[in-house]
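*Asks:* Below you'll find the structure I mean.
The values are calculated or read from the model by the stated rules, or taken from the named source; none is laboratory data. From a predicted model like this one, the values you see are computed outputs, not experimental measurements. Here the Cβ is made from the backbone with ideal geometry for all residues, glycine too, and neighbour counts use every protein chain on show. Heads up: the accessible areas ignore ligands, DNA and RNA and are worked out on the full protein's heavy atoms, side chains in. Shrake-Rupley method; radii C 1.70, N 1.55, O 1.52, S 1.80 Å.
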4 protein chains.
Amino acid sequence: MKAVLKAGPVPGLELRTVPDPVPDYGEVILKVLTTSMCGTDSHIYSWDNWAQQRIKPPRILGHEMYGEIVALGKGVSSVRVGDRVAAESHVTCGKCFQCRTGNAHVCKNYTILGLDRDGSFAQFVSLPETVCWKTAPEIPPELACMQESLGNSVHTVLTEDVTGHTLLVTGCGPTGLFAIAVARTAGASTIIATDVSEYRLELARKVGADLAFNPQKMDASVVQEQTGGEGVDAALEMSGHPSAIHLCFQHVKNAGRVALFGIPSAPVPLDLANEVIFKGLRVHGITGRRLFDTWYRLAGLFRAGLDIKPIVTHTFPLEQFEKGFNLMHGGQCGKVVLVP
Amino acid sequence: MKAVLKAGPVPGLELRTVPDPVPDYGEVILKVLTTSMCGTDSHIYSWDNWAQQRIKPPRILGHEMYGEIVALGKGVSSVRVGDRVAAESHVTCGKCFQCRTGNAHVCKNYTILGLDRDGSFAQFVSLPETVCWKTAPEIPPELACMQESLGNSVHTVLTEDVTGHTLLVTGCGPTGLFAIAVARTAGASTIIATDVSEYRLELARKVGADLAFNPQKMDASVVQEQTGGEGVDAALEMSGHPSAIHLCFQHVKNAGRVALFGIPSAPVPLDLANEVIFKGLRVHGITGRRLFDTWYRLAGLFRAGLDIKPIVTHTFPLEQFEKGFNLMHGGQCGKVVLVP
Amino acid sequence: MKAVLKAGPVPGLELRTVPDPVPDYGEVILKVLTTSMCGTDSHIYSWDNWAQQRIKPPRILGHEMYGEIVALGKGVSSVRVGDRVAAESHVTCGKCFQCRTGNAHVCKNYTILGLDRDGSFAQFVSLPETVCWKTAPEIPPELACMQESLGNSVHTVLTEDVTGHTLLVTGCGPTGLFAIAVARTAGASTIIATDVSEYRLELARKVGADLAFNPQKMDASVVQEQTGGEGVDAALEMSGHPSAIHLCFQHVKNAGRVALFGIPSAPVPLDLANEVIFKGLRVHGITGRRLFDTWYRLAGLFRAGLDIKPIVTHTFPLEQFEKGFNLMHGGQCGKVVLVP
Amino acid sequence: MKAVLKAGPVPGLELRTVPDPVPDYGEVILKVLTTSMCGTDSHIYSWDNWAQQRIKPPRILGHEMYGEIVALGKGVSSVRVGDRVAAESHVTCGKCFQCRTGNAHVCKNYTILGLDRDGSFAQFVSLPETVCWKTAPEIPPELACMQESLGNSVHTVLTEDVTGHTLLVTGCGPTGLFAIAVARTAGASTIIATDVSEYRLELARKVGADLAFNPQKMDASVVQEQTGGEGVDAALEMSGHPSAIHLCFQHVKNAGRVALFGIPSAPVPLDLANEVIFKGLRVHGITGRRLFDTWYRLAGLFRAGLDIKPIVTHTFPLEQFEKGFNLMHGGQCGKVVLVP
């Protein structure tokens, strides 16, 4: 089959022909219909320090996928050939404290599709049946593949109820845009978004931000104005940038909450007294998707009218993966979908 | 001033001219612009057993109101003459355990406007400043007055997060209709409503029910069909009818929740083992509005696009209050607004 | 091996010699060191209506157990030969909505050890590895076997935080007594217990009840006296008796909670308006143990000093199981342990 | 009356004779029986930068107090002459968003006794009736006065349920010691405490720490050993020291929680990715006491057996306040009580 893989410990990826995967006990073979690109893939492409320590080539990339099950390994009982499924990318151990107490999203032993085992930038991929998520046929394939990424945002937004609440979303990359769309569907009252890219701010407005502004160009006190001087009920940090993190702590109201999803590249000095303690805040560290509550909520959000189409800006054949990486590098895109 | 009051211990109400109210310490005078009618008013009108024990005539009715503050008593600091406000109808003591721990909605000593003290079926009413709720000018007066009633539904729906969840709403009187509209705005996935009146079922569809049916005419197993055989995540009981209460317990999924708002007129035999215990349910008794979280959430819901206009079906001058009671008696109405 | 089983569809149980169990894929063989008796076993013994519909003889009883793993089936990875374990009695499917969202205790497809498959009234029993709970060696075998039953009470007590709260516990059978001991360890302030048996009330005092009384002999208004007229923060219903259920709803304070664990034998007429709705209560239906949060909490409670020894009143060799059933029938015992 | 006050903008305090206070509307006069000293008082004594900006001399210090009400101002209805009460030190506005939604502990407009208005280092003090907390006569005066400070720890410990949970408490000053005692009473399983003072570590062991160690002398990996390699369920940071803050984030388990109460004197660089986000933590900023839930819980904890006597190490007549400040400066004390 065709596959895009990291062939060796150097920058770049290669399109190669490789053997078709064979399912282990409890696994299924997915014929990949669509697979979307993630910032993590860019790190592996460029072979930065993180990637060098985490990835053992050869490795087929891709952890956001949708397809059709075409073969079953032994012991599989919850899905069938012909099922259309997306995949939860975290393969969890099921035996640690976290897995046994409803917190498998922070399993101590999880592995990730496309990082620790072969992924979906290929015609076929072998998956444990436990990560398969049956997807309603109403969801078009180019949206269905990005449920893993969208799930991160669903997890972030719905950590606490947002209905009728004011929100600040810092960072309008794909997960920030997803968060805005989810919050809009969830009945947030006022959604304020920030980014430094006008392209992304425009997308933020399209998916439902009431106000989207560049804090380098407009005074952030506008957040107070838009909330009657109260600050927001919740701030969702989707960028990882220190200035955005401080923006969240500064503009959330006393007794409010900050959800941290974006990954800073270095330690961030926080004025804990004034930014967290005296405000009586709750800070939520967010990673992955709650298994599988987030997926059920996401399915419900689609039925409730969640519209993420504006966020999918480009679709290419798998062979043209380099185009996708170029677009992501330039920041002039939402999500990019590859079709094997 | 003109006022509609229960003059003595007999059925009916009278329109009379009475002295204008004078504000006590901490009170304000509200010029009533709109006031809406509630089932409770019907009970007082018809002078049933409950009303005979609760109401001490003479009493001006009306606990759903909106108006303009025209005078301030001594010690008032949080509102001004000219403010447009609705009123929380529960006047709470501020000193009991419940009031001191964030549960003033079940204050042990509360009194109610229009029941225990004079209400808003009049040109003016005196109110403690603490119950005044400043209302955004975007909300038209004929909707602003029913925030008290709408707040009951907001409290019921948002007791737990409903975003992405499936819901059953039993009873499509005004509070049931409000609940549907709120749940729709909050991003509920599938909303199923029941009532025995086709008039009300039609209103339910207008405000957002995906399916509204009469359980006397259609098998309730349709609830299971609509939810993939799972049952609903939450059931909201807004009618007080025993059959509807059983419907809720029967069709909510294991580990789900039932919110009870409707008031049964007699004890209801519950099969606690199968209806509650083995299902691992949470049952929430709902009364009034959380003070003042529900009001803030409600203000946010309006900003999020909550539309309750279809539920206001009739508006009359205060003098024609009898028309309103007749309509309510016949069940051929949503909410009825009176204009003093 | 020796085993106590329901041989056919008639009252009583028999001690027989049966073949040793053989482990399936993912199963282990437990050498039973101790096993305790439960009210459910009595129902099966006497072969009442419920038992006739649920149990398919021949069936070895026993679902509360502790022992040593002596053999492993294929695919087992989380336990080893020589491990000392208790068993979670609910074998859950892992694939339904409830299992996938942290609520496996109300799995839609669960089976129960000793009811739906052979149990622990025997020298050996085969168990799925997933139900094995490694138990600290400090816990003596005659206590370790009753963790399943104790877990019901831990689940009931800790559904919400009880530290510093006043509690009413209705019913002082073993699960009621366990609940009192757990609540005492958890820092409940005042614990009031009720039962109609003086024998059990005495045990209740031994394990930590501040006041234990027979509501047929003493006016229940003592609950109000003991709580400064407030009523209790939480009521835990462990008996299933209608009068006890009403006691809970009557004496819990507004905005408090009632946990229902005891199983009524018939529908209970509830005055929902006054017992639940106007009080703004939360009612929790409790069944089984949260998997596996309850077990972790229980292990922590033992380390915190939880003492349940007074509740274990009798220990017999397995062969003398009839003595145990006689004691349970007469109500003159706490927990009865059998040693195979 | 006698009073200890900051007479002018210079270091130190003075004992002076000043006029007796007169109650305003809604205020009462408390005859101070006991008052305890807090680190905040030390900052004001030494007149550091924070104190210079916050305090407007002349000001009578003291915000931890217990006494008898000897006179009532107009409009007081919830307390009587002769009542023995402690005082909540935060005087809240009752009108801001936070006050109206159950979060008055982070009121936007609160003032503090002994900082923004005269306090309890005196024979008498005038208090709003709303801050009076009736205290059970069983609590001795030298403990009753420190409920305000103890309440901080109750708030920190009980932000989430700790029963059966493992805890790390960093910092064994008075609030850390109180936290240990509270957690012990609440049924925490293993409590590990850290400090750099052997005097304080010894107090920590006395009030219930299972292990108390100096992380400068013993490798903190002992926390992992004591928790079976899992880390703690919750970490309570009571010191404000950056190294202790990192200890909390490092040793809490995935999906656990960190409560921050200690006030760092400067921004703390946090590795948010590894310390918060990938661990899926909840971080709670803690300030003051939840009004008045914390006080009710505290009263319940005393009834449950909470013992804080070992933490009160010194008692002096008010005139000898300098002795108290000297002791606090040297760190060779728990709480110091003054008797006017």
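*Asks:* If you count, for each residue, the other Cβ atoms within 10 Å and average over each peptide, how do B:69-81, C:265-277 line up from highest to lowest?
*Replies:* Answer by packing, highest mean first, reads C:265-277, B:69-81.
*Asks:* For peptide D:222-230, what's the mean number of Cβ atoms from other chains within 10 Å of each residue's Cβ?
*Replies:* Details: counts 0, 0, 0, 0, 0, 0, 3, 2, 5.
Rounded to a whole number, the mean comes out at 1.
*Asks:* Enumerate the amide H contacts of C:V336 below 5 Å, restricted to partners 5 or more residues apart or on another chain; note that Pro and chain-start residues carry no placed amide H.
*Replies:* C:M37
*Asks:* Here is a further query. Please report how far the C-alpha centroid of segment D:1-62 lies from that of segment A:153-172, rounded to the nearest whole angstrom.
*Replies:* Distance between centres, Cα-based: 44 Å.
*Asks:* Further question: Nearest 500 deg cm²/dmol is fine: what mean residue ellipticity at 222 nm does the protein assembly as shown get from its DSSP H runs of n ≥ 4 alone, each adding -39,500 (n - 2.57), divided by its residue count?
*Replies:* Theoretical 222 nm ellipticity from helices: -7000 deg cm²/dmol.
*Asks:* While we're here: Whole-Hz Karplus ³J(HN,Hα) for segment A:164-173, in order, using 6.51 cos²θ - 1.76 cosθ + 1.60 and θ = phi - 60°, x for Gly and Pro?
*Replies:* x, 9, 8, 10, 10, 10, 9, x, 10, x
*Asks:* Per residue of D:200-209, what is the mean number of Cβ atoms on other protein chains within 10 angstrom of that residue's Cβ? Mind dumping the intermediate values first?
*Replies:* Values: counts 0, 0, 0, 0, 0, 0, 0, 0, 0, 0.
Counting other chains' Cβ atoms within 10 Å and averaging over D:200-209 gives 0.
*Asks:* Can you list the residues, at least 5 places off or on another chain, whose amide H is less than 5 Å from the amide H of A:L270, using H built in the peptide plane?
*Replies:* So A:L270 has HN proximity to D:V268, D:L270.
*Asks:* Percent of accessible area on chain A owned by carbon and sulfur, 1.4 Å probe?
*Replies:* C and S atoms contribute 51 percent here.
*Asks:* Also, I was wondering about something else. Using the per-residue mean of other Cβ atoms lying within 10 Å as a proxy for protection, in what order, highest first, do the peptides B:1-14, B:153-166 fall? It would help to have the intermediate numbers written out before the result.
*Replies:* Working: B:1-14: 16.2, B:153-166: 25.1.
Ranking the peptides B:1-14, B:153-166 by packing returns B:153-166, B:1-14.
*Asks:* For the pairing of chain C with chain B, what total accessible surface becomes buried, with a 1.4 angstrom probe, in square angstrom to the nearest 100?
*Replies:* On the way: alone 14850 and 14840 Å², together 26720 Å².
Rounded to the nearest hundred, the buried surface is 3000 Å².
*Asks:* I've got another one for you. List the residues, sorted by chain then number, that are 5 or more residues from A:L33 or on another chain and whose placed amide H is less than 5 Å from its amide H.
*Replies:* Residues meeting the amide H criterion: A:Y66, A:G67, A:E68.
*Asks:* Over 27 Å between Cα atoms: which of A:K95/D:K206; A:K2/A:K56; C:K253/D:K108; B:K2/B:K335; B:K95/D:K2 fall into that group?
*Replies:* Working: A:K95/D:K206 37 Å; A:K2/A:K56 20 Å; C:K253/D:K108 31 Å; B:K2/B:K335 22 Å; B:K95/D:K2 33 Å.
Among A:K95/D:K206; A:K2/A:K56; C:K253/D:K108; B:K2/B:K335; B:K95/D:K2, the Cα-Cα distance tops 27 Å for A:K95/D:K206; C:K253/D:K108; B:K95/D:K2.
*Asks:* Ok, one more. Kindly report the accessible area of segment B:153-285 per residue (heavy atoms of protein chains, probe 1.4 Å, no ligands, DNA or RNA), in Å².
*Replies:* On the way: 3960 Å² over 133 residues.
Accessible area per residue: 30 Å².
*Asks:* Then there's this: Along the Cα→Cβ direction, 7 angstrom out, place labels at A:T17 and C:Y25. What is the inter-label distance in nm?
*Replies:* So the two model labels end up 3.5 nm from each other.
*Asks:* Is the C-alpha gyration tensor of the protein assembly as shown telling us rounded, prolate or oblate? Criteria: a/c under 1.5 is rounded; beyond that, a/b larger than b/c is prolate, otherwise oblate. Spell out each step's value before the answer.
*Replies:* Numbers: a/c = 1.20, a/b = 1.16, b/c = 1.03.
Cα axes put the protein assembly as shown in the rounded bin.
*Asks:* Follow-up. Could you compute the FRET efficiency for D:D307 and C:M218, with r as their C-beta to C-beta distance and R0 at 35 Å, rounded to 0.05? Present the calculation step by step, with values, prior to reporting the outcome.
*Replies:* On the way: r = 31 Å, r/R0 = 0.90.
Working from the Cβ atoms, E equals 0.65.
*Asks:* I need the inter-copy label distances for A:T313: point set 7 Å along Cα to C-beta, values in nm with one decimal, smallest first.
*Replies:* 5.0, 6.2, 7.5
*Asks:* Right, here's the next one. To the nearest 20 Debye, how big is the dipole of segment D:153-285 about its Cα centre, given +1 on the beta carbon of each Lys and Arg and -1 on that of each Asp and Glu? Walk me through the intermediate numbers first.
*Replies:* Working: 9 positive and 13 negative charges, 39 e Å.
It works out to roughly 180 debye.
*Asks:* Out of B:N152, B:I55, B:A220, whose Cα points farthest toward the positive end of the dipole of chain B (charges: +1 Lys, Arg; -1 Asp, Glu; placed on Cβ)?
*Replies:* Of the options given, the answer is B:I55.
*Asks:* Given Cβ point charges of +1 (Lys, Arg) and -1 (Asp, Glu) and nothing else, what value in debye, to the nearest 20, does the dipole of segment C:8-80 about its Cα centre take?
*Replies:* 140
*Asks:* Something else: From the square roots a ≥ b ≥ c of the eigenvalues of the alpha-carbon gyration tensor of segment A:153-285, which class results: rounded (a/c under 1.5), prolate (a/b over b/c), or oblate?
*Replies:* Values: a/c = 1.32, a/b = 1.18, b/c = 1.11.
Rounded is the answer for segment A:153-285, as its axis ratio a/c remains below 1.5.
*Asks:* In segment A:100-129, which residues give up 30 Å² or more of accessible area once the other protein chains are added, compared with their chain alone (1.4 Å probe)?
*Replies:* Residues meeting the cut-off: A:R100, A:T101, A:V106, A:K108.
*Asks:* Using only the Cα atoms, work out Rg/Rh for segment B:284-324, with Rh taken as the Kirkwood radius, to two decimals.
*Replies:* Values: Rg = 14.9 Å, Rh = 13.1 Å.
Result: Rg/Rh = 1.14.
*Asks:* Something else now. Once phi is turned into ³J(HN,Hα) by the Karplus curve 6.51 cos²θ - 1.76 cosθ + 1.60 with θ = phi - 60°, what whole-Hz value does each residue of segment A:193-206 show in order, with x for glycine and proline?
*Replies:* Rounded to whole hertz, the list is 10, 10, 6, 9, 9, 5, 4, 6, 4, 5, 4, 4, 5, 4.
*Asks:* If you don't mind, another one. Which of the listed residues, C:V182, C:S243, C:G262, is farthest toward the dipole's positive end in segment C:153-285, when Lys, Arg count +1 and Asp, Glu count -1 at the beta-carbon?
*Replies:* So the residue we want is C:V182.
*Asks:* Counting DSSP beta bridges in segment B:153-285, what percent are antiparallel, to the nearest 5? Write out the running numbers ahead of the final one.
*Replies:* Working: 0 of 20 bridges.
Expressed as a percentage, antiparallel bridges in segment B:153-285 total about 0.
*Asks:* To continue, here is another question. Starting from the Cα of D:K309, draw a straight line to each of the aspartates and glutamates and keep only those under 18 Å, dropping any in the same chain fewer than 8 residues away.
*Replies:* Straight-distance partners of D:K309: D:E64, D:E138, D:E142, D:E148, D:E202.
*Asks:* Something else about it: Return the average number of partner chain Cβ atoms within 10 angstrom of each residue Cβ along peptide B:289-296. Intermediate values should be presented prior to the final figure.
*Replies:* On the way: counts 0, 3, 3, 5, 6, 2, 2, 9.
Counting other chains' Cβ atoms within 10 Å and averaging over B:289-296 gives 4.
*Asks:* Axis carrying D onto C: which residue of D has the nearest Cβ, and how far, whole Å?
*Replies:* In chain D, the Cβ lying nearest the symmetry axis toward C is D:D161, 2.
*Asks:* Segment D:101-181: Rg/Rh from Cα coordinates, Kirkwood Rh?
*Replies:* Numbers: Rg = 15.3 Å, Rh = 15.3 Å.
Ratio value, two decimals: 1.00.
*Asks:* Per-residue HN-Hα couplings for segment A:269-275, Karplus 6.51 cos²θ - 1.76 cosθ + 1.60 at θ = phi - 60°, whole Hz, x for Gly and Pro?
*Replies:* Using θ = phi - 60°, the values come out as x, 10, 7, 4, 4, 8, 8 Hz.
*Asks:* Place the label 7 angstrom along Cα→C-beta at B:R16 and in each other copy, then list the distances from the first to the rest in nm, shortest first.
*Replies:* So the distances to the same position in the other copies read 6.2, 8.5, 9.5 nm.
*Asks:* Taking the radius of gyration and the Kirkwood hydrodynamic radius from Cα positions alone, what is the Rg/Rh ratio for segment A:1-111, to two decimal places? Can you show the working numbers first?
*Replies:* Numbers: Rg = 15.7 Å, Rh = 15.9 Å.
Computed over Cα atoms, the ratio is 0.99.
*Asks:* For A:T111, go 7 angstrom from Cα along the Cα-to-Cβ vector, then report the distances to that same point in the other copies in nm, smallest first.
*Replies:* 3.1, 6.5, 7.2
*Asks:* Stokes-Einstein diffusion coefficient for chain B at 10 °C in a medium of 1.306 mPa s, Rh from the Kirkwood formula over Cα pairs: what value in µm²/s?
*Replies:* On the way: Rh = 20.5 Å.
Rounded, D is 77 µm²/s.
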